Every structure is written in structure tokens, then in C-alpha cells.
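Here the structure is laid out as C-alpha cells; the discussion comes afterwards.
Since every read-out is calculated from the coordinates, none of them should be taken as a lab result. Predicted model only: the values in this text are computed from it and were never measured. Positions of Cβ are backbone-derived with ideal geometry, glycine not excepted, and every protein chain shown enters the neighbour counts.
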Amino acid sequence: MSDLRSALEGAAREVGEAFGMRAPRIEGKLLRPQVAAAFAGGRRAAEADGAGLAVHPGFVQGVLAIQMVHEASLLHDDILDGCAERRGKPSLAVEAGAARALVEGDHLLTASYRVACATGAPGFVARFARAVERTVAGEKAQGRARGRILSEGEYREIVSLKSGELFGCAASLGASLRGDEAEAEACYQLGVRIGRMYQMIDDLLDLCPAARLGKPPLLDYDQEKWTWVLAEAGVDGFGLERDELHRTLFQPGGCSEGPGSPSPVRMALRRLELEASSLRKATNDAVATILEGWLERVRDTIAREEEALGTGEPRGERVPGSRAAAGRVRSEVVDLASALGGPGEWLPYFARHSRSFRFSARFFPRDEGRLVAGVYAFCRFTDDLVDEAGDRPIDELRARLATWDAHVVEAYERALSGGSPESAASDGGGAPNVPSRIALLDEVMGETARRGVPLIYARELIRGVGMDLRDPDAPLLEVPDMDSLRLYSYRVASVVGLWLTELFGKQEPAVLRRAEAMGQAMQLTNILRDVGEDLRRGRLYLPRDRMEAHGVSRGELEELAFTGSRQGRRRPGPPLPAGYIGLLEELIAHADSEYERAMEGVPALPTFFQRPVAVAGRVYRGIHREIRRNGHDNLTRRAHTSFSRKVILGSRGLWEMREARKAV
């Protein structure tokens, strides 16, 4: 690496003299040059295989071009973020002013294209141009997303653009110089994943004052930039004070308050280790060494933060309530989960609650269908822990979810460590292990862990169900706006599509975003179908801001929903509130646009997965027609799609799938 650094410094001086500009800085850890050197000999080559290429003039020019873009982005970041310090020194924006920093950044960026062309590798130049454009697009997307809670797919898409693309370009350089464009593209895709992982690490360390990043800690949170670690902690916004956020992240059990659960940052570390393990299998020893070095820094930082805060190992009993009550809740949850039985009983269990799912599930092959049924049974059971609990106190319902969350975490961790269900036994204290008789967790969480799927999906679903818990003093559970509805729908629906998509081997951010869209669409369809039924259960999911925009009041809807239920009427009845049809049509149009977006991703799914997704999407979308056929009365009537209509809709879904394939 010292030879490459020296070569870069020499090339930077030459560029500065030739272009009449300040020589590009060759400072910091030079992460992208490190990745370029590690991939120089190929994905599977040892470090030595690429050693000669790493000081090749074309290679040095390519790495310098990438480094120049990175340095330009830092100058621009310092202006946008108001950073007074960079790498322990005053930033150029502070030292010479924002205007000077902006011009210097622009000069570095534009000059980088001339340097890239000096490599003499057309394939690299094309990837370089693409990477620079996508890096800027990622920065813009992050700027637009400020102040919002991001979904998993949206976050991954942003960081893949703003950070991953340049790493991908670096990883592809060696193969491009050899003229092996197929290898270069494969290296590029792996490099994007490596860059995404690095950004995830940087986002985690930003939340750790002990990390000493050369910039103020918690800067992203202060600027309301959503990052993945906040999702791990179950944080629902940017309103926490710094100290409270810090304790939340490092407190064992985190926001879930599950008994014995690791802290959110420990769960985040586990996820990073899983991703590194997956990348090591696809790359060489030199890349593995880089990844391990990154992880060691995270481990060391977390340990220092825990020491400063006095946290570390789980504290044991954290289920709300007394030990006796907590023990009763744990036993109850285990008994209920055990009663679900084995794989053969999961599909009928879920299908009893969803005729549309039962219809589309027949398109799955046997083995994959069993796994899908297990995930959906997990979701149904989690929902039932609240909905089928009767009139229990809200604290007890929260305790049920917290206990279930702890069992889920333990089952996932046990699968990662290679432990068998039979080896699990209760320790008699506050941190229970999952008994082997919960076949659902052994199967579903076991496969989730073994296939490297993040645990966050299962935990987000549990949090989503928790959002259905209504404060006893509140007359109604309401959703204030579309952003809140999107978060709720993401947690109770989109994560299911994400979970299954990753279970079946697809991790590309664009595919995940479309899986999210399908969940958003289907959940909104469910909400539109069940407005009256939900109102009678004390819930109203129509966004309050959209109701107000259409002049619809909650009181009007409640009166119709309860009066119609008592009278048992069908039609005709009192007219719907003025503006109500317009409200429903706006939300139907929103759901339809999400269905359209979701269908774009179907061709990227595994072949066996395409047909059931296409059929399920079209069948669910068909509920909109039935709502209209009922005169938009979803307050006293529930839209129902007949079996014959499902067949027609399913056929249309398959036709749309074939058309989408042609467009790829």
C-alpha cells in the first residue's frame, strides 16, 4: 500500500501542475485505493497477484480519478453540513470560505474525468462516469429524504449510490485494464456492496462519540439524516436528545425491552458481520483483510462506548411488570406459539385469515411454499398476540410482544452460532432460551439466519404490530398523515416482501424498493377494504391530513360504521359523507401507483417467485373494483372478490408478468 500511496502522491503533483490547480490531497485511509488494489488481480486472486498492476500507470491514474471525486465530495459535504473540521484540521470551507471550497471541489470533480481517460480503458471510463453521476444522485436523494424515516430498501438505495458506486468503480479497475469486462462488471457489483457496508459502518460510528471520525459525533442525527442503526433501535423520529439516543442505542434490550436482548448496536454489529461473511465468500483474502479491519474498529468503538456508559451484557429481566407476571407472559407466549405445530399446519393457519393468499400460494413449489407459509404464519401469529388477546391491559400486550421479540432474537442468534434446538434450555433467570418445541421459530428464524437475511425484518414487524396498541385513554387509534401511514404499512406489510425477497437470494436495492412498494400497495388496499371494521375496533387508518383535505370528519365515519353494523343493513343506506369518495379515490390511485411500481421488479425475482407475486398483486388490486361496486361504502360493507373473479385477475397478473419480462 505504501508503494501505491507514493505513486498516487507523485501523480497528484503532476495533475496539479498540468491542470493549474491545487494538487489533489492523498490523505486519510485511502479506502477506495485499498479496495482497488485488493481486487487488482481479480475476485478470487491473492493480494500478490495484483501487486504488479497496482503500480501500473493506468491503474494509478484510475485510482487517482476516484480519489479526486471522493475529495470533491468531502469539500461539498463540508459546505452543506457546515463542518468546521475534517480529519482533525479546519475544513477548507472554514479556512478559505465556502465559495473557495465549492470551486475547489468543482475543479477536482471536472478534472477527474481527464485523469480517468488517461487510463486508456474505455470500460473503466464508462463505469467511472456512471459512478460519479450516481454518487451525486445519491447525495441529492439523501438531501430530499432529510427528516423522514426511511425504509430498508430506500436507505440501501441511497447509500449504494452515494458511497457504493465509487467503491464499485475501484473494484472494477484492474479487470478493466486487463480488458476483461465481464469480470470488471462482477467486481463492480461486489464493490458496490463493499461500499454500502462501509457507509453502514460510517453511519454506525457517527452515533459513537468514541469513534473519533474527524467530524462532530451524531452529526447525521442532528441533521435529521435517517440511518439503519436507528431502525435497529426502533427509533421513530429525530426528537430524542443526544443523551437519550445514546442510551437507547447502547442499552441491552434497546427499545424492544425484550428480556436478555442485545443492545441495538450489538445487533447492528452482528448484521455487519453477516454481510462481511457473505462478501468474504465471494472475494479474495486481501478483501477479507480489509473487511475484518473495518469490523475490528467497530468492535473496539462499541466496547469503549459500553465501558463509558457502564453497559454491556444484557441485564436479565426486562419484560414490563413483576417477575411472576413476566414469567406468566413468557409461558403463555411459548404455549401459544407451540400450538402452531409444524410446517404442515402453517399454511392452513394463515390461509384461514387470507383467502387471497391461499389462492396465490398454490403457485409456489412445495419447498419454497413451505418457507413462505412459515413466514406468513409468523406474521399472523405476531398479529394475533394483540388482536386475539381479548381485553387485556396494554402493558400486558406490550409484554407479549417484547417476550416474542426476545425469543425471535434468541432463535436467530442460536441458528447463527450453529446451536441446535435440542441444546436450548431455560437458564431459570430473566433471559430465557427458546424451547425446541416452537417449531415455527426453529424453522423460520433458522432459515432466515442461515441465508444471511437481516433480523431487522422480523423485529420491524413486531414493532408494527405494537403500533396497533391503543392507549386506553384515547378514544381512537388514528394515523396523522401519509408519512405515518407509510411507516406503519412498511412495518406490517413491506417487511414481509423484503424478508421473502432476501430469503430467495435477491438483495439489489432496486428490487427491494419494489418489494416494499408491493407491501405498501397491499396494505393500503386492506385499509381501504376494512375502514368500517377497523372503526368498530377502535382504529382509523385513513390519514387525518387527507381526511381534512377532503372535508371528511371522524365523527361522520364512526356514526355510519356503528349505525350500519347495528342495523345489519346492506343497501341502500344514508349517503356517504361529502368528499369521502374523493378521499377513497385518491388513496386508491396511490395504491395503484405502488402496484405499478412493484410489477416492474417482478422479472428480477427468482422464476418460481414471480408467478405468485404477480397473481397476489393483481388479486389484491382487484379489491378496488369491488369497493367501487359497493358504491364506495366500506363503512358498512366489506368488499369481497369471488373465486371466479380471482381466476380472471390471476390470469391478468400472469399476463402482466410476461409483459414486464419483455420490457427488461
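Going from the fewest other Cβ atoms within 10 Å to the most, the residues 414, 629, 638 appear in the order 629, 638, 414. Along the stretch 495-500 the Karplus relation, 6.51 cos²θ - 1.76 cosθ + 1.60 evaluated at θ = phi - 60°, assigns HN-Hα couplings of 5, 5, x, 5, 4, 5 Hz to successive residues, with x for each Gly and Pro.
What FRET efficiency comes out for the pair residue 23/residue 651, r = Cβ-Cβ distance, R0 = 56 Å, nearest 0.05? Intermediate values should be presented prior to the final figure.
Values: r = 65 Å, r/R0 = 1.16.
Rounded to the nearest 0.05, the efficiency is 0.30.
Neighbour counting of Cβ atoms within 10 Å sorts the residues 149, 194, fewest neighbours leading, into 149, 194. Once backbone amide H atoms are built at 1.01 Å from N, residue 477 has 539, 540 as its partners under 5 Å, excluding neighbours fewer than 5 places away on the same chain. Placing unit charges on the Cβ atoms of the charged side chains and taking the dipole of the stretch 489-562 about its Cα centre, the candidate lying farthest along the positive direction among 509, 495, 557 is 509.
Put a dot 7 Å past the Cα of residue 9, heading toward its Cβ, do the same for residue 451, and the two dots end up 5.0 nm apart. Find out how many positive minus negative residues lie around residue 537, taking Lys and Arg as positive, Asp and Glu as negative, among other residues whose Cβ is under 11 Å from that of residue 537. Neighbour charge sum, excluding residue 537 itself: -2.
Once you charge only the Cβ atoms, +1 for Lys and Arg and -1 for Asp and Glu, what is the size of the charge dipole of the stretch 471-664 about its Cα centre, to the nearest 20 debye?
Numbers: 31 positive and 26 negative charges, 234 e Å.
With Lys and Arg at +1 and Asp and Glu at -1, about 1120 debye.
Sorted fewest first by neighbouring Cβ atoms within 10 angstrom, 180, 367 come out as 367, 180. Highest mean packing comes first when the peptides 538-548, 459-469, 521-531 are listed by Cβ atoms within 10 Å, giving 521-531, 459-469, 538-548.
Charged side chains reduced to their Cβ positions (Lys and Arg at +1, Asp and Glu at -1) give the stretch 2-309 a dipole of some 500 debye around its Cα centre. Applying the Karplus relation 6.51 cos²θ - 1.76 cosθ + 1.60 with θ = phi - 60° to the stretch 438-453 yields 3J(HN,Hα) values of 8, 4, 4, 6, 4, 7, 6, 5, x, 5, 4, 5, 5, 8, x, 7 Hz, where x marks Gly and Pro.
Checking the Cα-Cα distances for 140/646; 162/646; 162/281; 29/281; 140/506 against a 31 Å cut-off, the pairs over it are 140/646; 162/646. Between residue 43 and residue 285, the modelled labels are 2.0 nm apart [label points 7 Å from Cα along Cα→Cβ].
Taking only the Cα atoms of the stretch 471-664, the radius of gyration and Dmax are 17.7, 55 Å.
Inter-label distance, residue 537 to residue 303: 4.8 nm, where each label sits 7 Å from its Cα along the C-beta direction.
Applied to the stretch 337-342, the Karplus parametrisation 6.51 cos²θ - 1.76 cosθ + 1.60 on θ = phi - 60° returns per-residue 3J(HN,Hα) values of 5, 5, 5, 5, x, x Hz, with x for Gly and Pro.
Using all pairs of distinct alpha-carbon atoms, the Kirkwood hydrodynamic radius of the stretch 2-309 works out to 20.0 angstrom.
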